[in-house]
Amino acid sequence: MQSTWYFLRHGEIVEQGILCGRSDINLSPLGWQQLEDVTKGITAVTQIFSSPLVRCSKFATKISEQRQLSVEIVDDLQEMDFGLWDGKPFEWLWCNTDKPSIGDFWADPWSHTPQDAESMTNFHLRVQTWWQSQLAIPNDECSLVITHAGVIKQLLAMILQFPSNSVKQLSIFDVGYASVIKVQVYYDEQGVAWPKVVF
């Protein structure tokens, strides 16, 4: 048995140059078109999952209606909450953050948590919990997951079996707007899931 997953990052947002985590910011017209274009090539979908943030959920709702599929809005698929940094311009963050600075966070997000933010450990745990719950029941579904760059990076790190608390996750993957990552999950005779990234 085999399931297929398409992890799709939302398109361009209306405000550029900001650290956009839980800030609920809409897609730009270009961002919407990016998602329209990329999903034309994803035709075998049987179910849709989405982050509740509007840059994901509005498009997820539209495509689910177009294809007459259900969409499940999942809180665990939200982007990381950056606390007091959330929604701030990167230029401002580089000039005004300290203990930790944004540089400290990028260098080692596991050890440096912005004020009032979600820790990287908790972020990783909630994404991992959701993913493991999906793998637990063998199926042959084809799923489209509309989510965020940070979530996709966490999933890739898990599937590729990065060491725990690896500091590479933020820098080694570049997940651009409307990028798609395809993952196939094979289930052996014991029902054990074997996911792999498909290029």
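Overview of values
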quantity: Among (1) part of a loop (DSSP other than H, G, I, E, B); (2) closer than 21 Å to residue 89 by Cα, the one test that residue 45 misses; calculated: (2)
quantity: Any hit, the range 162-173, residues being basic (Lys, Arg), open to solvent by 30 Å² or more (accessible area, probe 1.4 Å) and out of contact with any strand residue (DSSP E or B) (no Cβ under 7 Å at 6 or more places or on another chain); calculated: yes
quantity: Single match in 116, 24 (criterion: open to solvent by 40 Å² or more (accessible area, probe 1.4 Å) and within 15 Å of residue 148 (Cβ to Cβ)); calculated: 24
quantity: Unmet requirement for residue 105, which otherwise passes all of (1) touching a Pro at 6+ places or on another chain (Cβ under 7 Å); (2) open to solvent by 20 Å² or more (accessible area, probe 1.4 Å); calculated: (2)
quantity: Selected residue (criterion: least open to solvent (accessible area, probe 1.4 Å)) from residues of the range 50-98 that are in contact with a Ser or Thr (Cβ under 6 Å, 6 or more places away or on another chain) and part of a strand (DSSP E or B); calculated: 50
quantity: Some residue of the range 120-131 being open to solvent by 20 Å² or more (accessible area, probe 1.4 Å), in a loop (DSSP other than H, G, I, E, B), under 28 Å from residue 23 (Cβ atoms) and in contact with a helix residue (DSSP H, G or I) (Cβ under 6 Å, 6 or more places away or on another chain); calculated: no
quantity: Residue satisfying all of: in the range 24-46; closer than 24 Å to residue 131 by Cβ and in contact (Cβ under 8 Å) with a residue 60 or more places away in the chain; nearest to the chain's Cα centre (by Cα) among these; calculated: 35
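The values are calculated or read from the model by the stated rules, or taken from the named source; none is laboratory data. None of these values were measured; they are calculated from a predicted model. Virtual Cβ from ideal backbone geometry, glycine too; neighbours counted across all protein chains shown. Accessible surface is based on the protein model in full, side chains and every heavy atom, while ligands, DNA and RNA are left aside. Shrake-Rupley method; radii C 1.70, N 1.55, O 1.52, S 1.80 Å.
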